[in-house]
Amino acid sequence: MTPSRRPSLGDAARGRILYGGDYNPEQWPEPVWHEDMELMREAGVNLATVGVFSWARLEPRPGARDFGWLDRVLDLLHASGVGACLATPTASPPPWMGARHPETLPRDETGAVVWYGSRNHFCASSPVYRDHALRITADLADRYGDHPALRLWHVNNEYGTACWCDTTARHFRRWLRTRYGSLEALNEAWGTAFWSQRYDSWGEIIPPRRAQYMANPTQELDFRRFTSDALLECFTAERDVLVERTPHIPVTTNFMPFFVGQDGWAWAEREDVVSVDLYPDPADPEGPDGGAWGALVQDLTRSQARGPWLLMEQAAGPVNWRGVNHPRPEGLTRLWSLQAVARGADGICFFQWRQSRQGSEKFHSGMVGHAGARGRTFRQVRELGADLGRLAGVTGAPVTARAAVLHDWNAWWATLSAGRPSSRLTYEQPLRAWHRALWESHLTCDFAHPEAELDGYALVAAPHLYLLTDAALDNLAAYVRGGGTLVCGFFTGVADEDDRVREGGVDARLRTVLGIGTVHEWWPLDEGEAQPLTPLSGADATGTLWREDIETAGAETVAAYRGGELDGRPAVTRHAFGDGTAWYLSTLPDPAALRALLSRAAGEADVRPPLPGLPAGVEAVRRGAWLFLLNHRREPTAVPLPAPATDLLTGRRYEREAPLGRYGAAVLRGEPPAPGGGG
Ligand code: GAL
């Protein structure tokens, strides 16, 4: 699929910000549908995602079709000026499929069947499932391809089911044959000389099912690669059916945020529109699971999309799957929605339009909650619709980022096996801590694959890439040699793509770039253990989670370990290499120290916040000609402005500072200084 020849989000949005949510009218009597249309109009909704979980209704028994209700829904939407994001219903096969074709049901690692009665119960390798999925997809496209409401195809929903059944085993073997060509190559890659694991025929190979002790880590890694690919085959097969019938309609599938099960880089390549579902925790808006988490997911999604993207789902109030489910304090839905627009979203949607009265999600909020149109939630939904209406001019504009954080699913997957130096070290922890430090330092960053072209970035951060391919290592070396600044985190460049430890523990190319000679040992830290460091930027600093005993070979020591077995050994180093600079952080510094280090590296690379003097808790992002200011705190604040500017949301002009209320936001466009005015 050539993206330039395919329709895009802009074709679906038609110059507006898309606004709406999942709409499940089949859960309601038809008179309610008419009220829905009224309320959607009132709220400025222009997109409804329909049919996500409608398979059993559309195909009540094998081969039967019941499209009449969906005809009426799409006609109603169209008459109300609401576009349809029409879903293929293939995330939730009807009970008849599992009952008649039990082989379509997934099996877990122990071989136990994962039954129908919930959702997502399909084996991605099952030809029977795939065949039924493609038939209903084709019939939907044939019936609605020319419907005037149709704006976007939504394939399946949050692909993520893994399966360990015999059909999967056969599929896995085919995948492995393509990858390795010969059994010898597979045995070599998997290191099967260890523990007598050598395979003598392809038929002996199985998915990594429950075993007596630790499984082969490369087998596990390949099974994760395979599962992502098997699901991707399901997606592309449905996509191809849709593209063939409706070449003018873009296709998406909604990602779970920063989800381990799909190689998001590979998947995004195959979509016309990249979309994501995002549920930050309103219990602690400023905590790591609040605005910082939103920023991370949004940066990743924008980078996958390489342009505007769609927030397919968020909650207008509480979810129902956290232990304790908090509503969103007043203002937070607006703030988090505008944050998504700031970071590149051209569509803001919710799960779901009308809160269900039955089923597992009856206590999950909707845009129209149980309290109905008079509820606080719907008032905020209406207000948000008005705000988004004012931001139409922002659509299509790019987000400016001069820094990038490197992320690769293969590196993530390789960290998930047992038998590692520390079970406390997860892939996400350093990555999230580093991104949060950049976010709190007001530095906007993209995400990039370690093999991607990096020349456009003045600063590249690699928080924790345990596995790096030869191509990635060459890429990083070339980037620094050419003048880039690389900040590299611990336990990076340790394994090759087969999860084989590189000679010397860390790849020699990377050590040369970093100016590090020998890595003697890894010294992980326990829960609650903090390792003092020599002061950083004049302040006391500590490291957590990880330490390394390294010897520099050309790098300067920026901070050293203080006390304990590693007393005096280098902890943070900096090295001039080629025309660039490479930093190494062999521990996870405390948040303030990490901010200080990343800000220093960024400053030296001339990467700066969009405005000087930004207060803590305020996010500032440039998108095209607009500057978004977002206050993530309950306390009001004000942002000093270098020149007068006008707020697109309120129409107010600010001379010297922009006031931001509790969870307040402004979208500023600079103006020439007023006659006699400062600036
Ligand atoms: C998403 C899913 C929706 C709904 C929502 C609830 O993961 O796509 O269908 O279940 O979660 O938060």
**Asked** Restricted to the range 269-286, and to residues that are surrounded by 23 or more Cβ atoms within 10 Å (Cβ to Cβ) and away from the ligand (no atom under 13 Å from the Cβ), which residue is nearest to GLY331 (Cα to Cα)?
**Response** PRO285
**Message:** With more than 30 Å from GLU220 (Cα to Cα) and of a type in the set (Ser, Thr, Tyr) as the only criterion, which of TYR144, TYR116 stands out?
**Reply:** TYR144
**Message:** Which residue is farthest from the chain's Cα centre (by Cα), if the candidates are limited to the range 415-442 and must be among the hydrophobic types (A, V, I, L, M, F, W, C) and surrounded by fewer than 20 Cβ atoms within 10 Å (Cβ to Cβ)?
**Reply:** ALA418
**Asked** Residue check: is GLY291 more than 11 Å from the chain's Cα centre (by Cα), more than 13 Å from the ligand (Cβ to nearest atom), on the phi < 0 side of the Ramachandran plot and at pLDDT below 95?
**Response** no
**Asked** What is the number of the single condition among (1) hydroxyl-bearing (Ser, Thr, Tyr); (2) assigned to a helix (DSSP H, G or I); (3) within 14 Å of the ligand (Cβ to nearest atom) that SER337 does not meet?
**Response** (3)
**Prompt:** If you take just the strands (runs of 3 or more DSSP E) that sit entirely in the range 558-643, which of them hold at least 2 residues that are under 17 Å from THR544 (Cα atoms)?
**Reply:** 570-577, 580-585
**Prompt:** Is it true that some residue in the range 393-414 is open to solvent by less than 20 Å² (accessible area, probe 1.4 Å), within 30 Å of GLY624 (Cβ to Cβ) and within 16 Å of the ligand (Cβ to nearest atom)?
**Reply:** no
**Fill in**
Over the range 302-334, the set of residues in a loop (DSSP other than H, G, I, E, B) and either crowded, with 19+ Cβ neighbours inside 10 Å or away from the ligand (no atom under 16 Å from the Cβ) (or both) is ARG306, GLY307, PRO308, GLN314, ALA315, ALA316, GLY317, PRO318, ARG328, PRO329, GLU330, GLY331
**Prompt:** From the list LEU176, LEU231, which one is of a type in the set (A, V, I, L, M) and either part of a loop (DSSP other than H, G, I, E, B) or within 26 Å of the chain's Cα centre (by Cα) (or both)?
**Reply:** LEU231
**Prompt:** Using beta carbons and a limit of 6 Å, which pairs, at least six apart or on different chains, have the first residue in the range 300-320 and under 16 Å from PHE255 (Cβ atoms) and the second one near the ligand (Cβ under 9 Å from one of its atoms)?
**Reply:** MET312/ASN254; MET312/ASP277; GLU313/ASP277; GLU313/PHE351
**Message:** For the range 227-256, give me the residue count where each residue is open to solvent by 30 Å² or more (accessible area, probe 1.4 Å) and within 16 Å of the ligand (Cβ to nearest atom).
**Reply:** 1
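The values are calculated or read from the model by the stated rules, or taken from the named source; none is laboratory data. The shown structure was predicted, so the numbers you read here are calculated from the model rather than taken from an experiment. Reconstructed Cβ throughout: ideal geometry from the backbone, glycine too, with neighbour counts over all protein chains shown. For the accessible areas, the whole protein counts, side chains as well, though only heavy atoms, and no ligand, DNA or RNA atoms are used. Shrake-Rupley method; radii C 1.70, N 1.55, O 1.52, S 1.80 Å.
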